[in-house]
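Working notes for the structure below.
The values are calculated or read from the model by the stated rules, or taken from the named source; none is laboratory data. Keep in mind it's a predicted model, so treat the numbers as computed, not measured. Because the Cβ atoms are built from the backbone with ideal geometry, glycine has one as well, and the counts that use them run over all protein chains shown.
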Amino acid sequence: MRREVRRLPVILFLLAAFVVHCALAGDMAIRGARPDIALTSLLVCCLFVDSSTGAALGFLVGLLEASYADQFVGSIIVSRTLTGMLLGALEERVFRDNVFMAIAAAVLGTVATETLFFLFAPQPHALRWFIRTGEASLYNGALSIPIYLVARRVAFRRT
Amino acid sequence: MLRREREFNRRKLFVILLCIGLGVGIGLWHNRQVARGRSDFVTSTVRTVSTPFVTALDATSRWFGSHFGWLIHGRSLAAENRQLRDENARLRAENARLAEADITSQRLRAQLGFQGQPPANKIAADILSLRPNGNFETMVINRGARDGVHNNSVVVSPKGIVGHVYGVGPTTADVQLITDSAAAVGAMVQRPQSRAQGVCKGNGGPLLTMAYVDGAADVKAGDVIISSGMGGAAGVFPKGLPVGTVVRVANDASGSTKRVTVRPTVDMDRLEEVYVLP
């Protein structure tokens, strides 16, 4: 049995995740740690696609996030594109139909994305930056479980 | 077979390079437009299209929060209600005293030939997205150029300064919160015996650092900090708006300046609506 990726539902899923992120992520902060729902959804979806599709999905999410950040636009888009590509490149190298892989992808993917972003656009207060990245990666890791369960149903068809 | 695989890989590589190239291109285009004082067509279009969906979800979540929030916050709401009643009574008394002081102040200013302060024309705005990118202390509000908002417009809440506008679209605007690591506000101690001046800088966390405070200045924990209306980029904030309260004061190694830690009067995590001073 293998999974066939339905691209349009994946794109709609990521768009919906971005809208949810914009509207609700600010209210979901726990002791200063804030999730990135759009990024987590991207990382989970990229587990099921190849590197080029991962890059394209990363570009889409990067563009959406950059449009709301309105600063460091190129760095945000390229960091998401590269992370999407890297996760997509794991295709056929790891067993991905597993919720633990989604957690690992969300945690490590968040760290990778933020590290890439930091390299492209170094920020002041680096220590606080890395603490925040650590908090966000753990939060995203926890969030990846429900996102994985929804994404698997919505976006992928067993054939 | 091998040829087809090679062509497939080439196509993959093309898509990846195209995405990266487009990302870099959009970033450069955005920077160029911002430098010219224009809004970037690509990102503003994406935002204009997505804004109605974000607004609808935000409104739905607020509706649920206002109608069913008591289920979660019931006990704390009763205590908060009591506290607010006490505070309201105290503020009413203070307001009456300040109204009298204001009349006297205006009369004296008129006698001395000072110009009156321009009337505060506030534009109420809802928050579309608080910290859309977790790495920056920013937010997006549902008012833009069409409503009279422009770059460097000051954003306040009833409690004090929230931040300033750094990007404007037709119907939305980006606000940099004073807690952002790139934000700075010219500030001073409100206490008449002190009036020490400095610059309150954000660091991405919940507290601010007031820098460039003279080592001999009289600053104590509990002092109220207000905007001084001074400074370059920080000068966008008019004088007299509440910034925060001093929580800690320390001298630097040389003793020539003080390092003052300030808690903002506005809790950025609990912001619901704000006002723009155009």
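With respect to the conditions (1) loosely packed, with under 15 Cβ neighbours inside 10 Å; (2) modelled with pLDDT of 90 or more; (3) not hydroxyl-bearing (Ser, Thr, Tyr), B:ALA216 lacks only one, and its number is (2).
Examine the range B:4-12 for a residue that is surrounded by 15 or more Cβ atoms within 10 Å (Cβ to Cβ) and in contact with a helix residue (DSSP H, G or I) (Cβ under 9 Å, 6 or more places away or on another chain), and state whether such a residue exists.
We begin by selecting, within the range B:4-12, every residue surrounded by 15 or more Cβ atoms within 10 Å (Cβ to Cβ); these are B:12.
Right, trim to in contact with a helix residue (DSSP H, G or I) (Cβ under 9 Å, 6 or more places away or on another chain) and you get B:12.
Looking through the range B:4-12, at least one residue is surrounded by 15 or more Cβ atoms within 10 Å (Cβ to Cβ) and in contact with a helix residue (DSSP H, G or I) (Cβ under 9 Å, 6 or more places away or on another chain).
Annotation: A:LEU149 fulfils all but one of (1) within 20 Å of A:ARG7 (Cα to Cα); (2) within 14 Å of another protein chain (Cβ to nearest Cβ); (3) surrounded by fewer than 22 Cβ atoms within 10 Å (Cβ to Cβ); (4) touching a residue at least 40 places away in the same chain (Cβ under 8 Å); the unmet one is (2).
Tell me whether the range B:244-252 contains one or more residues that are closer than 30 Å to A:ALA23 by Cβ and under 20 Å from the mean Cα position of the chain (by Cα). Show your work before the answer.
Pass one, the range B:244-252, residues closer than 30 Å to A:ALA23 by Cβ: B:244.
Applying the additional criterion that residues be under 20 Å from the mean Cα position of the chain (by Cα) yields B:244.
Yes, some residue in the range B:244-252 is closer than 30 Å to A:ALA23 by Cβ and under 20 Å from the mean Cα position of the chain (by Cα).
Of all residue pairs spaced 6 or more apart or on separate chains, those with beta-carbon atoms under 6 Å, a first member in the range A:10-30 that is more than 10 Å from chain B (Cβ to nearest Cβ) and a second member that is among the hydroxyl-bearing types (Ser, Thr, Tyr) are A:LEU14/A:SER41; A:ALA17/A:SER41.
Is it the case that A:GLU65 is within 13 Å of chain B (Cβ to nearest Cβ), under 30 Å from B:THR172 (Cβ atoms), surrounded by fewer than 24 Cβ atoms within 10 Å (Cβ to Cβ) and in contact (Cβ under 8 Å) with a residue 40 or more places away in the chain?
On the way: within 13 Å of chain B (Cβ to nearest Cβ): yes; under 30 Å from B:THR172 (Cβ atoms): yes; surrounded by fewer than 24 Cβ atoms within 10 Å (Cβ to Cβ): no; in contact (Cβ under 8 Å) with a residue 40 or more places away in the chain: yes.
Judged against the criteria, A:GLU65 is not a match.
Of all residues in the range B:241-260, those satisfying the criterion of being at pLDDT below 90 and among the small types (Gly, Ala, Ser) are B:ALA250, B:ALA253, B:SER254, B:GLY255, B:SER256. Of the residues examined, A:ALA25 is not one that is at pLDDT 90 or above, under 16 Å from the mean Cα position of the chain (by Cα) and either more than 22 Å from A:PRO146 (Cα to Cα) or not β-branched (Val, Ile, Thr) (or both).
A quick yes/no check of all residues on (1) buried (at least 22 other Cβ atoms within 10 Å of the Cβ); (2) within 13 Å of the chain's Cα centre (by Cα); (3) within 14 Å of chain A (Cβ to nearest Cβ):
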| position | (1), (2), (3) |
| --- | --- |
| B:ASN121 | no, no, no |
| B:ALA124 | no, no, no |
| B:LEU130 | yes, yes, yes |
| B:ASN133 | yes, no, yes |
| B:GLU137 | yes, yes, yes |
| B:VAL140 | yes, yes, yes |
| B:ARG143 | yes, no, no |
| B:ASN152 | no, yes, no |
| B:SER157 | no, yes, no |
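Of the residues making up the range B:253-277, those that are within 20 Å of the chain's Cα centre (by Cα) and part of a loop (DSSP other than H, G, I, E, B) are B:THR265, B:VAL266, B:ASP267, B:LEU271, B:GLU272.
Here the helices (runs of 4 or more DSSP H) wholly within the range A:1-79 that include at least 2 residues being more than 22 Å from B:CYS19 (Cα to Cα) are A:7-24.
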